[in-house]
1. For the protein assembly as shown, with the dipole built from +1 on Lys and Arg beta-carbon atoms and -1 on Asp and Glu ones, taken about the Cα centre, which of A:Q212, A:V8, A:T237 lies farthest toward the positive end?
2. Quick check: Cα centre of the stretch B:9-77 to Cα centre of the stretch A:312-350, how many Å?
3. Roughly how many Å is it from the Cα centre of the stretch B:217-242 to that of the stretch A:64-83, as a whole number?
4. About its Cα centre, what dipole magnitude does the protein assembly as shown give when the only charges are +1 on Lys and Arg Cβ and -1 on Asp and Glu Cβ, stated in debye to the nearest 20?
5. In the neighborhood of A:G120, defined by Cβ-to-Cβ distances under 9 Å, what is the net charge if each Lys or Arg adds +1 and each Asp or Glu adds -1?
6. Taking Cα atoms, how many degrees apart are the long axis of helix A:171-183 and the longest axis of chain A, rounded to 10 and kept between 0 and 90?
7. Before rounding to the nearest 500, sum -39500 (n - 2.57) across all DSSP H runs of length at least 4 in chain A and divide by the residue total; then give [θ] at 222 nm in deg cm²/dmol.
8. Near B:T235, within a Cβ-to-Cβ distance under 10 Å, what is the net charge of the other residues, with Lys and Arg +1 and Asp and Glu -1?
Amino acid sequence: MSDIAIKVENLSKQYRLGQVGTGTISHDLNRWWHSIRGKEDPYLKIGESNDRTTKGTSEYVWALQDINFEVKQGEVLGIIGKNGAGKSTLLKILSKVTSPTTGSIKARGRIASLLEVGTGFHPEMTGRENIFMNGTIMGMNRHEIASKLEEIVEFAGIAKYIDTPVKRYSSGMTVRLGFAIAAHLEPEILIVDEVLAVGDAEFQKKAIGKMQDVSKGEGRTVLFVSHNMVSVENLCTKLVVMSQGSINFTGDVHQGIKQYNYSSNKELLINIDERQDRNGGEVVRFTKFQITDADDHPIEMAFVGETICLKFGYRAIPNLENVVIRIEIKTFSGHRLSILNNYHCSSPFEKIPDSGTFCCKIHSPTLAQGDYEINAKCLVDLKEVDSIEKIGTLKIQNADYYGTGKMPNIKDGILLQQSYFIEKSLI
Amino acid sequence: MNQEEEFSKWDTVILPKRGLLELHLSEVWKYRDLLRMFVKRDFVTYYKQTILGPVWFFIQPIFTTLTYMLIFGNVAKISTDGMPQILFYMSGVTAWNYFAECFNKTSTVFKDNQAIFGKVHFPRLITPLSIVVSNLIKFGIQLLLFVLILGYYLWSGTSIMPNSALLLLPVLIALMAGLGLGAGMLITSMTTKYRDLVFLLQFGIQLLMYATPVIYPLSTIPEKYKWIIMANPMTGIIETFRYAFLGSGQLNWQLLGYDVAVTASLLILGTIVFNKTERTFMDTV
């Protein structure tokens, strides 16, 4: 019990759609009329789930619906989900910017948010003045800030500009300063929302390091919202996947990211029947393309070393024999990494059905993280009958491939299993 | 109770509604350094990139006073109760400005600070309080100017009589601040959702000035209509202010008591409504 830092129970948030205008006042009066008679809010019962793509009939929408989760102290909870899934609303309620419609949140310790860094920065004031301004807004007192001033300036790496008005700063510098202040707040619970998107690689590394220190070294709790699966995978110890205002998944990070990838499987089936930029297509025609994982779930991306299956839906004239499928994997910069085919690897297909799917399972591919281009050809009696370039993109996500707890930072290449030792004699 | 026991284990409990009287004033005190920073920001940035800089603090009241002297004093020939015009108008303008600025700025607090309020939580009361304090400093500077001019007239032997009512000055300042703050918080809370009142307010404050003895002494008002002017809580304040510095007009304890009552109730009501609005105003602003 004592190690739970945040407990969210039955949390919901309702928003009214459209504009505030004369129509609103009738609802307000009705609500007030219900409340003085001791009745429930009549508009709480209605409202639909938050699917922004379809135009609903109700004027009310549930941005969050029945959210329940717990975060233990020292955990880094990742929150992922598509735009409009309710992530930011959740964080806004957590950071007390707005209040929930129903439900409750209980937390232990000071909550500080990085919803947007540099809040309250005044462009006319100097970096030093803004450190005090922003720090006090976040809840520090001036003695606390004064004692950490040097650390903050050093962390942000802007010592030279500290007495220059912030309006002369580059956007990167402003973010660095903002993050530096927040990172030195020392709250028990830190909320971070996509701030790492700005700033150069060096600073991002620093920021991620700081967040890890905060959670591991100092036992603080971090809530991290991001669209960047790499940072989520690197940082988080627990994951919540949100969709249309409710939680789809809570638990293991790796599994959660996979789950998140499944949830968008509609777009993962690529229709290539209509493509004109092909060579052939009469005898055999590629019609669809999809990438799935070992369990046959469509995926948007795979982790390094994870078995995947490339699937090509086709249409063909009846009774074809000696059919070869040839797949080329290229980096986006155009380097060919490999050619896969069933001619060398096994044998050509005999008597294929006139409609079906060619599948190519790649067992633990050693592609490094990055995006790869897939080109495909179909040959009958070693003559090309259909060929499409850039049929789809294979996205590979970094993972602990070598099982050492360290992730290689190579992009667009291949990883090879290797071993190291020293021989005593000189060669 | 069981529920209370449950709550005591947590530092932060976020619930949909909170009681009308849970004002969290201790939290406001914890954030007092933020108030300092807001005040500092107001001053650092107020006259940035102007040539005359802080001199503008003096120019504003002087020009207003000169305008009033010309129009109300010399063209309309409204009585100043036998006081030198410059002192009469300046005392009115200085005091009135403090109230009007507090009122005006506070009444748009939510609208002006959406950007900050939408991102970080801190006791929102800090913002209106910082307005009152910033303006208090400005008022202090203008009062100094007034006292200097007063000193000149005293030295040259005009019949003005600053008196022991000056001891009431802190009370008067508190009343002006409280009135502006209370009314402003009410207005800003009411205008987050429906902005109609904003339009009313702009000329409302202007009108209110004419319903206050700023450009005329209370004694010139016919007995029949006096109650209207006296119902305005600023009347007692301005009259006492003028009486204390110039010895003109009268000290009406009853009127002052009425002002205290109005200010206190506006302040309490304003704070309650402000705190209630603050919870969800981001959704409706």
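Every read-out reported here was derived from the displayed coordinates using simple, explicitly stated rules and does not represent laboratory data. Nothing here was measured: the structure is a model prediction, and the numbers come from that model. Backbone-built Cβ (ideal geometry, glycine too); neighbour counts: all protein chains shown.
1. Comparing the listed Cα positions along the dipole, A:V8 ranks first.
2. About 74 Å separates the Cα centre of the stretch B:9-77 from the one of the stretch A:312-350.
3. 61 Å
4. Once rounded to the nearest 20, the dipole reads 1440 debye.
5. +2
6. 60 degrees
7. -6500 deg cm²/dmol
8. -1
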